[in-house]
Amino acid sequence: MNSPDLPAQFGRTHRFAFGVPRGFTVSRDGARVLFLRSTAGDDPVSRLWLYETNTDGAERMLADPPALGDTGPVAEAELVRRERAREASQGVVAFAADDHARVVAFALSGALWTVRTDGGAPRRIATPGPVVDPRPSPDGSLVAYVTGGALRVVGADGTHDRALAEPDGDDVTYGLADHVAAESMGRHRAFWWSPDGDALLVARVDTARVRHWWLSDPAHPDRPPRSVPYPAAGTANAETTLHILRTDGSRVAVRTPEKVPEEYHPMDGTWTDATLEYVLRAHWDGFGPLVTLQTRDQRAAYILEVDPESGESRMVGHKRESPWLDLVPGTPVRLAGGKPVQHWHTDRDTAGLRLWNVMTPPGLHVREVLGTVGERVWFTASDEPTDVHVWSLSALDEKGEPGDRPHTGEPERVSEGPGVHTAAVGGDTVVLDSRTPDGHTVTVLRAGKPVGHIAVLSEEPVVTPAPRHLTLGERAVRGALFLPSWHTAGSGKLPVLLCPYSGPGLQLVVHARAWWTVVAQWFAEQGFAVLIADGRGTPGRGRGWEHAVHGDQLTPVIDDQVDALRAAAELHPDLDLGRVGIRGWSFGGYLAAGAVLRRPDVFHAAVAGAPPSDLRLYDTHWKERFLGHPDVQPEHYERCSLLAHAHRLSRPLMLVHGLADDNVLPVHTLRLSAALLAAGRPHTVLPLPGAGHMVARADVAANLLNLELDFLKKSLNA
């Protein structure tokens, strides 16, 4: 059955991401909204825009890269930052503003630019090297940035550029997040301004003790390989320390404890390591710097207040939990009066928030804290895992006072209807970013009432997803089934294709149209019944659901896919369980390969993209959380290894891997292929020269879908 050329559109629009507004920043008074967006759904060049809430709501472009001469090379540190952020756009891909969104700074081809939102053209500021992550001070008078591993500041008028800290070793940087912070902790920043703009809290990262791996480009043997400091599970991490750097040139080291005392750390289990090795969160508000450190075994965390004058720190909170500690993104944070917003666990095993004495109600699973305004916190949460809504909760009681009695508050829901909603807030303005089954909208609210919309310019897919949302099996696995639009029940059997991710940190089964639902429907139009299922280990279902994969990230995940498949077939008998394929990328690729190795009785073909075949080769923070230390608990890693089961392959398997991937390095696929070859097991390997963990080239992304389709059809006689 033919269908419109979805693969070409998929590649041209970079998975329908071009033309989508993002990176919303709202001024403190709520009058101005800054954001990034290209001019069309096939335009890869991202521009900087302004939306003013107290005017007619017209959008104004502040920076247009082609007009500014965006032609120079991008610094390697910036390329690494973009890879960690999965950034595929060109032009202005990141920015930062002062508190009032009057002065905006951004990097373009390594050059530092500033622009004022109250008028005037963008201004280029001379710097001694290519710029990474420029950020204005809260009052907009200075801009801090990183170049050559040094943290520097310059006046917003371009005067008095100076270094506040320069590398004191070949492996030292100031102001840049290390690999595991950006890739696995979600912390992409490494310096934070003081509210007065006279100092910064800065991370110094030393990778001297980290094992360096080398990535080369076989398609360009004339180019030297790139050194990547990559802390694989069980090996040394980067050493991260914090420092207060003042704009007058003085500095003080932040003194933090090396370990968590025994009374604050769970000592049960085979492996314990109470060393406070990870800088998990940091920020600086009106009450001083607030830092969260996490232990190497990820079962305890210390929340510290820092004295910016002396560098001394004191513990103001701690958390501990087995088998690992879950922290809500965006916490801890403080309200305007200084009271902390922290996470807690409700009686339904879900994450809640505590605002001093006010708590979110049981059954509302908090996903992320978006920000605070006064004594009110804004957050996303779910009462059903396939929907995510925006809520707010005040720390004040009905009398407008903090109160002294713990009680459950009544949060206010801002978003409406099924979907995945998030927001940016400032003053009385809320920018509501909503992805629903019908598409994507961005609504600007002021004082709770809509005042306008920010345009979404992404292309409409040539294939319209029509998922059937299902609750499957004894464990109530959430699933989405896609059938061909031309198929009628009882007219014939359909081969089945599973398209899961089903790993930590990502849900695919949600009430929202997304690129993966479009791709699933396209495969369905080719004659497949396509099933996506979120099993144990995925977010949104509480601690027990996520912790079920501790010590084994493969067996329960495969079991849930099998159970979901069989339950879906009971509901829809046209699913042919004698012809079942599975495809996925990253953890999904690992699951796809593991499925045909472990359960060839169920899965008859697989396409595995960027599969981490040996989890000992993945990074410390991500893998030790689930599997412990490989020297202490080697059985966990052996149980999850694809290499150990290579000899069991009896089904068609295609392995795909970008040769420039510095997240799941190509060694994973190369070693798996070698193990399969040594066992005499036929398989297919498709290398992608120059591609990272995200396939960015339009022609490669488009043709890859067609190659997968061809492989699966032949393998399943579809």
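The values are calculated or read from the model by the stated rules, or taken from the named source; none is laboratory data. No experiment lies behind these values; they were computed from the predicted model shown. Because the Cβ atoms are built from the backbone with ideal geometry, glycine has one as well, and the counts that use them run over all protein chains shown.
Looking at A702, A675, A644, which is the one that is surrounded by fewer than 20 Cβ atoms within 10 Å (Cβ to Cβ), farther than 14 Å from Y590 by Cβ and small (G, A, S)?
Values: A675 fails: surrounded by fewer than 20 Cβ atoms within 10 Å (Cβ to Cβ); A644 fails: farther than 14 Å from Y590 by Cβ.
Matching residue, one of A702, A675, A644: A702.
Please identify the pairs in which a residue from the range 144-173 that is within 21 Å of F95 (Cβ to Cβ) has its Cβ atom under 9 Å from the Cβ atom of a residue that is aromatic (F, W, Y) and exposed (fewer than 15 other Cβ atoms within 10 Å of the Cβ), counting only partners at least 6 apart or on another chain.
Close Cβ pairs satisfying both conditions: none exist.
Going residue by residue through the range 200-207, is there one that turns out to be crowded, with 23+ Cβ neighbours inside 10 Å and out of contact with any Ser or Thr (no Cβ under 9 Å at 6 or more places or on another chain)?
yes
Every residue, every condition in (1) among the charged types (D, E, K, R); (2) over 21 Å from the mean Cα position of the chain (by Cα); (3) within 17 Å of H407 (Cβ to Cβ); (4) assigned to a loop (DSSP other than H, G, I, E, B), yes or no:
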{"site": "H318", "(1), (2), (3), (4)": "no, yes, no, no"}
{"site": "W324", "(1), (2), (3), (4)": "no, no, no, yes"}
{"site": "V341", "(1), (2), (3), (4)": "no, yes, yes, no"}
{"site": "L353", "(1), (2), (3), (4)": "no, yes, yes, no"}
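When only residues in the range 125-147 that are hydrophobic (A, V, I, L, M, F, W, C) and assigned to a loop (DSSP other than H, G, I, E, B) count, which is surrounded by the most Cβ atoms within 10 Å (Cβ to Cβ)? Give the steps one after another, and end with the answer.
Applying the first criterion (hydrophobic (A, V, I, L, M, F, W, C)) to the range 125-147 yields 125-126, 131-132, 142-144, 146.
Cutting the leftovers down to assigned to a loop (DSSP other than H, G, I, E, B) gives us 126, 131.
On the way: A126: 9, V131: 26.
Only one residue tops the list, namely V131.
Would you call D428 surrounded by fewer than 19 Cβ atoms within 10 Å (Cβ to Cβ), of a type in the set (D, E, K, R) and within 24 Å of the chain's Cα centre (by Cα)?
On the way: surrounded by fewer than 19 Cβ atoms within 10 Å (Cβ to Cβ): yes; of a type in the set (D, E, K, R): yes; within 24 Å of the chain's Cα centre (by Cα): no.
Judged against the criteria, D428 is not a match.
Would you confirm whether or not the range 692-707 contains a residue that is in a loop (DSSP other than H, G, I, E, B) and in contact with a Ser or Thr (Cβ under 6 Å, 6 or more places away or on another chain)?
No, the range 692-707 contains no residue that is in a loop (DSSP other than H, G, I, E, B) and in contact with a Ser or Thr (Cβ under 6 Å, 6 or more places away or on another chain).
If a residue must be in a strand (DSSP E or B) and under 26 Å from the mean Cα position of the chain (by Cα), how many such residues does the range 261-306 contain? Don't jump to the end; show me each part of the working.
To start, the set of residues in the range 261-306 that are in a strand (DSSP E or B) comprises 275-285, 288-295, 300-306.
Narrowing further to those that are under 26 Å from the mean Cα position of the chain (by Cα): 275-285, 289-295, 300-304.
Residues flagged as in a strand (DSSP E or B) and under 26 Å from the mean Cα position of the chain (by Cα) within the range 261-306 amount to 23.
Here's a check for you: in the range 536-546, which residue that is surrounded by fewer than 18 Cβ atoms within 10 Å (Cβ to Cβ) and part of a helix (DSSP H, G or I) is nearest to the chain's Cα centre (by Cα)? Break it down into steps so the answer makes sense when it comes.
Taking the range 536-546 and keeping what is surrounded by fewer than 18 Cβ atoms within 10 Å (Cβ to Cβ), we get 542-544.
With part of a helix (DSSP H, G or I) added as a condition, the list becomes 543-544.
Numbers: R543: 19, G544: 22 Å.
Checking each candidate, the answer is R543.
In the range 84-124, which residues are closer than 26 Å to V180 by Cα and assigned to a loop (DSSP other than H, G, I, E, B)?
A85, R86, E87, A88, S89, V92, V93, A94, F95, S109, G110
Would you be able to tell me the number of residues in the range 439-498 that are surrounded by 13 or more Cβ atoms within 10 Å (Cβ to Cβ) and among the aromatic types (F, W, Y)?
1
Name the one entry in R47, R81, R15 that is of a type in the set (D, E, K, R) and either in a strand (DSSP E or B) or touching a Cys at 6+ places or on another chain (Cβ under 9 Å) (or both). First the steps, then the outcome.
On the way: R81 fails: either in a strand (DSSP E or B) or touching a Cys at 6+ places or on another chain (Cβ under 9 Å) (or both); R15 fails: either in a strand (DSSP E or B) or touching a Cys at 6+ places or on another chain (Cβ under 9 Å) (or both).
Among R47, R81, R15, only R47 is of a type in the set (D, E, K, R) and either in a strand (DSSP E or B) or touching a Cys at 6+ places or on another chain (Cβ under 9 Å) (or both).
If V74 meets every condition in (1) assigned to a loop (DSSP other than H, G, I, E, B); (2) under 19 Å from P136 (Cα atoms); (3) among the hydrophobic types (A, V, I, L, M, F, W, C) apart from one, which number is that one?
Against the list (1) assigned to a loop (DSSP other than H, G, I, E, B); (2) under 19 Å from P136 (Cα atoms); (3) among the hydrophobic types (A, V, I, L, M, F, W, C), V74 comes up short only on (2).
May I ask you to say which residue of R32, R81 is closer than 25 Å to A424 by Cα and either at pLDDT below 95 or surrounded by fewer than 19 Cβ atoms within 10 Å (Cβ to Cβ) (or both)?
Values: R32 fails: either at pLDDT below 95 or surrounded by fewer than 19 Cβ atoms within 10 Å (Cβ to Cβ) (or both).
After ruling out the rest, the residue left standing is R81.
If you check every pair at least six apart or on different chains, which have Cβ atoms under 6 Å apart with a residue in the range 674-696 that is more than 21 Å from G594 (Cβ to Cβ) first and a residue that is basic (K, R) and in a loop (DSSP other than H, G, I, E, B) second?
Sorted first by the residue in the range 674-696, then by its partner, the pairs are M694/R86.
On the given criteria, is E258 modelled with pLDDT under 95 and among the acidic types (D, E)? Walk me through it before giving the result.
Working: modelled with pLDDT under 95: no; among the acidic types (D, E): yes.
When the stated conditions are applied, E258 does not pass them.
Identify, from the list V562, V519, the residue that is β-branched (V, I, T), surrounded by fewer than 22 Cβ atoms within 10 Å (Cβ to Cβ) and assigned to a helix (DSSP H, G or I).
On the way: V519 fails: surrounded by fewer than 22 Cβ atoms within 10 Å (Cβ to Cβ).
After ruling out the rest, the residue left standing is V562.
Those residues that are surrounded by 15 or more Cβ atoms within 10 Å (Cβ to Cβ) and either of a type in the set (F, W, Y) or under 26 Å from H645 (Cα atoms) (or both), I need them from the range 679-699; list them, please.
Those that are surrounded by 15 or more Cβ atoms within 10 Å (Cβ to Cβ) and either of a type in the set (F, W, Y) or under 26 Å from H645 (Cα atoms) (or both): R681, H683, V685, L686, P687, L688, H693.
Residue by residue through the range 565-576, note down the ones that are surrounded by fewer than 16 Cβ atoms within 10 Å (Cβ to Cβ) and either under 12 Å from P500 (Cα atoms) or basic (K, R) (or both).
Applying the first criterion (surrounded by fewer than 16 Cβ atoms within 10 Å (Cβ to Cβ)) to the range 565-576 yields 566, 570-571, 573.
Matches in the range 565-576: R566 only.
Which numbered condition trips up D273, out of (1) without any contact (Cβ under 8 Å) to a residue 40 or more places away in the chain; (2) farther than 15 Å from A181 by Cα?
Answer for D273: the failing condition is (1).
Tell me whether the range 115-124 contains one or more residues that are of a type outside the set (G, A, S), in contact with a strand residue (DSSP E or B) (Cβ under 7 Å, 6 or more places away or on another chain), crowded, with 21+ Cβ neighbours inside 10 Å and closer than 21 Å to R189 by Cα.
No, the range 115-124 has no match at all.
What about H160, is it surrounded by fewer than 22 Cβ atoms within 10 Å (Cβ to Cβ), more than 23 Å from the chain's Cα centre (by Cα), in a loop (DSSP other than H, G, I, E, B) and not charged (D, E, K, R)? Explain how you work it out, then say what you get.
Numbers: surrounded by fewer than 22 Cβ atoms within 10 Å (Cβ to Cβ): yes; more than 23 Å from the chain's Cα centre (by Cα): yes; in a loop (DSSP other than H, G, I, E, B): yes; not charged (D, E, K, R): yes.
When the stated conditions are applied, H160 passes them.
Regarding R536, is this residue among the basic types (K, R), at pLDDT below 95 and farther than 13 Å from V602 by Cβ? Please lay out each step first, then the result.
On the way: among the basic types (K, R): yes; at pLDDT below 95: no; farther than 13 Å from V602 by Cβ: yes.
Considered against the rule, which asks whether it is among the basic types (K, R), at pLDDT below 95 and farther than 13 Å from V602 by Cβ, R536 comes out as no.
Could you list, in sequence order, the residues of the range 207-260 that are hydrophobic (A, V, I, L, M, F, W, C), within 24 Å of the chain's Cα centre (by Cα) and farther than 23 Å from A150 by Cα?
W213, L215, A232, A233, A236
Take the range 565-580 and flag every residue that is part of a strand (DSSP E or B) and among the acidic types (D, E).
Once the filter is applied, which keeps residues that are part of a strand (DSSP E or B) and among the acidic types (D, E), the range 565-580 yields only D576.
Among the listed residues A533, A524, identify the single one that is aliphatic (A, V, I, L, M), surrounded by 22 or more Cβ atoms within 10 Å (Cβ to Cβ), part of a helix (DSSP H, G or I) and touching a residue at least 12 places away in the same chain (Cβ under 8 Å). First the steps, then the outcome.
Working: A533 fails: part of a helix (DSSP H, G or I).
After applying the criteria, what remains is A524.
Can you pull out the helices (runs of 4 or more DSSP H) entirely within the range 597-685 that have at least 1 residues that are in contact with a Lys or Arg (Cβ under 8 Å, 6 or more places away or on another chain) and farther than 24 Å from L565 by Cα?
Working: elements: 620-627, 634-640, 667-678.
Ranges flagged: 620-627, 634-640.
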